[in-house]
Every structure is written in structure tokens, then in C-alpha cells.
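What follows is a single structure, written as C-alpha cells, with notes after it.
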């Protein structure tokens, strides 16, 4: 069975500073990895995904994520945080060759960007 | 391109009642997944439908059931509601095995 760990319940960063939201995963075979963002009282919005290829994946709103197979990690990053980035971030995984496309999510990390 | 929509937005039910939640897939998508997101938790997979057939189910009891229609819209039915069923219910659609796009969710409160 697959699993996702997001070790930080909350990440605090000042506007303009770089941010990192951590994610590690466990899955059989090669992973299909995702980051989603959730604003209050809203559904999840897709940010980016990793399937194969370049370990640095670029996504929406200036976010990127770095896949590290040896550390089974997929940390979300942004060079310069904005106050509007404050939201709940979820990492998710599924096996690349699974028979159906369901996702396993982490418990989420709240990102708070202060002015 | 039309996104994923869900109805109703909010719902309040009494323990023991039954509820039906609805989801319209994004245009061109043939797969629908349902998730339950309890307060402070990540979404938990309930089940998935692909071309009107259930093709995967999470660790939820049989009183959670679903349907997918020929136009790929979907329903989630929950019988004999319990207090712990209070959550945000998310529907996600996808084309075959590709990334899932989520609707805004239905907030269910069971009293």
C-alpha cells in the first residue's frame, strides 16, 4: 500500500523569502506524484505533477517540486513567497502503473506567508 | 472547457438519514473518483468509477455507494448516516489514468 508523509503541520515564511513544503512517499514501483493546493472552503487545485524525466518539475503560480528517488521525497518549493500563497498544501501519490488512478494524500501542510 | 461541479454546496442531515451528492465531470473525462475529507485531514479515497463501472474502492463500508451515468456524471449515496460522516466530500474527474481535477466539494454536516 502507498503512503504519503508531510512532516510539518504548518510552515511559516515571510513574503519574498523562499519556501519549502516537505513530502516523502512510499509506493510500490515508480511513483506518479502530485501537489494540490486548497483554499478555505474550496476544493483542491492542481499545482504540478511528476511522472518521469527531469527531477525538477515546474507548475502553476511559480511553484516547482524536486523529485528525489533515493530519498523518496517530492518537496514543493517557490523562490519568492507571496501572501496570497497562504493555503493548505497536499502531496499525493499513486503507483505509475496501477489499474486505476486513485490518489493517496498526505494530511496536508498549512503555509502561512506573512507580509 | 467546463470544470467539475458538485451539488449541493452544503447539506445538513440527521443521524440515520440517507443522502445523495452529485457531481458533473469535466468535459471529456470518463473517470470519476470520490473522496471524503474530514476536518484537519487529507482526502480519503472512497471509490472510483470508470465508464459506469466501479473499478476501485477504499476502506469505506457498503452504506457508501455510487453510480456513474452515461454522460459520466456521478452520484455518491450514503445510507444510515453517522455523526462521523460529517466531512467535505470531493469529486474528481480524469481522463483514463491521468491527473484528477477536483470539484469545490459538498460540506455534509450530520447532527
Check: For the range B:19-46, how many residues are surrounded by 16 or more Cβ atoms within 10 Å (Cβ to Cβ), under 23 Å from residue B:83 (Cβ atoms) and more than 13 Å from the chain's Cα centre (by Cα)?
Finding: 1
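Condition test on residue B:76, is it assigned to a strand (DSSP E or B), over 23 Å from residue A:95 (Cβ atoms), under 14 Å from the mean Cα position of the chain (by Cα) and within 11 Å of another protein chain (Cβ to nearest Cβ)?
Values: assigned to a strand (DSSP E or B): yes; over 23 Å from residue A:95 (Cβ atoms): yes; under 14 Å from the mean Cα position of the chain (by Cα): yes; within 11 Å of another protein chain (Cβ to nearest Cβ): no.
Spelling it out, it is not the case that residue B:76 is assigned to a strand (DSSP E or B), over 23 Å from residue A:95 (Cβ atoms), under 14 Å from the mean Cα position of the chain (by Cα) and within 11 Å of another protein chain (Cβ to nearest Cβ).
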Notebook entry, point to check: Would it be correct to say that residue A:38 is without any contact (Cβ under 8 Å) to a residue 60 or more places away in the chain, touching a strand residue (DSSP E or B) at 6+ places or on another chain (Cβ under 7 Å), within 13 Å of chain B (Cβ to nearest Cβ) and within 15 Å of residue A:84 (Cβ to Cβ)?
Noted result: no
Notebook entry, point to check: Out of the residues in the range A:57-71 that are crowded, with 17+ Cβ neighbours inside 10 Å and touching a residue at least 24 places away in the same chain (Cβ under 8 Å), which is nearest to the chain's Cα centre (by Cα)?
Noted result: A:65
Next item on the list: Sort out which residues of the range A:85-100 are at pLDDT 95 or above and either away from chain B (no Cβ under 14 Å) or more than 14 Å from residue A:27 (Cα to Cα) (or both), and write them in order of number.
Entry: A:85, A:86, A:87, A:88, A:89, A:90
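Name the one entry in B:68, B:100 that is surrounded by 21 or more Cβ atoms within 10 Å (Cβ to Cβ), touching a strand residue (DSSP E or B) at 6+ places or on another chain (Cβ under 9 Å), within 14 Å of chain A (Cβ to nearest Cβ) and more than 23 Å from residue A:3 (Cα to Cα).
None of the other options fit; the residue is B:68.
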Check: more than 14 Å from chain A (Cβ to nearest Cβ), within 15 Å of the chain's Cα centre (by Cα) and in a loop (DSSP other than H, G, I, E, B), is that true of residue B:62?
Finding: yes
Notebook entry, point to check: Within the range A:72-82, is even one residue touching a helix residue (DSSP H, G or I) at 6+ places or on another chain (Cβ under 8 Å), crowded, with 19+ Cβ neighbours inside 10 Å and away from chain B (no Cβ under 11 Å)?
Noted result: yes
Check: If you scan the range B:25-48, which residues turn out to be at the interface with chain A (Cβ under 8 Å from one of its Cβ atoms) and without any contact (Cβ under 8 Å) to a residue 40 or more places away in the chain?
Finding: B:40, B:41, B:42, B:44, B:45, B:48
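The values are calculated or read from the model by the stated rules, or taken from the named source; none is laboratory data. Everything numeric here is computed off the predicted structure, so don't read it as measured data. Note: ideal-geometry Cβ built from the backbone for every residue, glycine included; neighbour counts use all protein chains shown.
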